[in-house]
Amino acid sequence: MRIAVLGSGANGASIGADLTAAGLDVTLVEQWPAHVEAMRASGLSIRMPDRELHVQPRTMHLCEVATLKQPFDVVLMLMKAYDSRWAAQLIEPYLAADGLVAGVQNGMSTRTIADVVGVERTMGTVIEISSTMTDPGVVHRHSGPDRSWFAVGALPGGPVGREEEVAALLRHSGTVSIVESIEATKWMKLVSNSTVLVPTAIVGLPMADAIELDGLREVMLAAGQEALDVGRALGHPILPIFGLTPEDVERPEEVVETLLDTLYRGFVLPGATTTVLQDWSKSRHSEVDDINGTVVAEGARTGIPTPVNAAVVSIAHRIESGELEPSPSLVTPLRRALG
């Protein structure tokens, strides 16, 4: 099986390193030139709390994809959600006729990928890994394989029965659940992401510190509840993620808090920051529009009020425009949205 990891930043490189260490035929495709060159020159180091993994992966610059002669059987896409369409278009000519593209991403990107490569070659995936990368060739992975989690599932009309092909790969990097409704499962992850990723980034603190800031937990729970309510209006059932059981999510009024506490208990380590704050520290656009922005857009379409998520999106846009800097003081305007 020929495997590509399309998007080999912190999370993609972590997974790519695990697959390389397992002896699989994997190629890491990446858009940061210095990162590719560092991996070629000195290898890839994944520094975890209990150990360090060093591998010499096969790598490609994005511009080198056009030189490929043989197709990939599985592409694990770890690009930003907003890059999904063009990334799928880039790799589609180099995907085997019976190959699979798995969107190992935040956001509701599965149908976007299916629009490009076909639903029959698309596998939906949910990811929960915490990692950061500042220096090329070196990843700080806060949650090792024993504390990482994935879900895999096909869309209706998709390659049902082939989930194990992707799940077997991701088991090298964490625990994997195969699910019947991948879109509902991805929405549940969207609920968690709406609760945590952007709100904690706005106050400019690691996740473990941000939640202790006076008033922020209340904001986080409200943002998550809005996301859950919108999902239910869209017809998505409440499903367990992060290894929870159906009994753990029986009470809708407690689901968001259960998800939050499970995430912090099992996956958040001291000093870990969200991908959103990492993007802002590099002056990059974040996935706010694909996370909280999706909640706002779908809330407007279904008639569900989403004032907290709207405030999160508005402040995030002001940060990205350079008008504001992430700061604990921004919890005050977030709290105003609680009414």
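The values are calculated or read from the model by the stated rules, or taken from the named source; none is laboratory data. The shown structure was predicted, so the numbers you read here are calculated from the model rather than taken from an experiment. Quick reminder, even Gly has a Cβ in these numbers, built from the backbone with ideal geometry, and neighbours come from all protein chains shown.
Points worth noting:
- The stretch 1-25, subset over 27 Å from Thr274 (Cβ atoms) and without any contact (Cβ under 8 Å) to a residue 40 or more places away in the chain, residue surrounded by the most Cβ atoms within 10 Å (Cβ to Cβ): Asp25
- Selected residue (only one of Glu298, Glu287, Glu325 is touching a Leu at 6+ places or on another chain (Cβ under 8 Å), more than 22 Å from Asp135 (Cα to Cα), touching a residue at least 60 places away in the same chain (Cβ under 8 Å) and of a type in the set (D, E, K, R)): Glu298
- Against the conditions (1) surrounded by 24 or more Cβ atoms within 10 Å (Cβ to Cβ); (2) out of contact with any Asp or Glu (no Cβ under 7 Å at 6 or more places or on another chain); (3) under 18 Å from Ser109 (Cα atoms), Val152 satisfies every one except (2).
- Matching entry among Met79, Met60 (being of a type outside the set (Val, Ile, Thr), under 20 Å from the mean Cα position of the chain (by Cα) and not in a helix (DSSP H, G or I)): Met79
- Screening Val196, Val126, Val219 for residues that are assigned by TED's automatic domain parsing to the domain that holds Ser84, outside any loop (DSSP other than H, G, I, E, B) and out of contact with any Gly (no Cβ under 7 Å at 6 or more places or on another chain) leaves exactly one candidate, Val126.
- Meets criteria (at positive phi and either in contact with a Leu (Cβ under 7 Å, 6 or more places away or on another chain) or among the charged types (D, E, K, R) (or both)) for Gly137: yes
- When Gly299 is tested against (1) modelled with pLDDT under 95; (2) farther than 24 Å from Ser327 by Cβ; (3) not aromatic (Phe, Trp, Tyr), only condition (1) is not met.
- Scanning the stretch 290-339 for residues that are surrounded by 19 or more Cβ atoms within 10 Å (Cβ to Cβ) and not hydrophobic (A, V, I, L, M, F, W, C) gives Asp290, Asn292, Gly293, Thr294, Glu298, Gly299, Thr306, Asn309, Pro326.
- Listing of strands (runs of 3 or more DSSP E) fully contained in the stretch 131-180 that carry 2 or more residues being under 25 Å from Gly271 (Cα atoms) and not small (Gly, Ala, Ser): 138-141, 149-153
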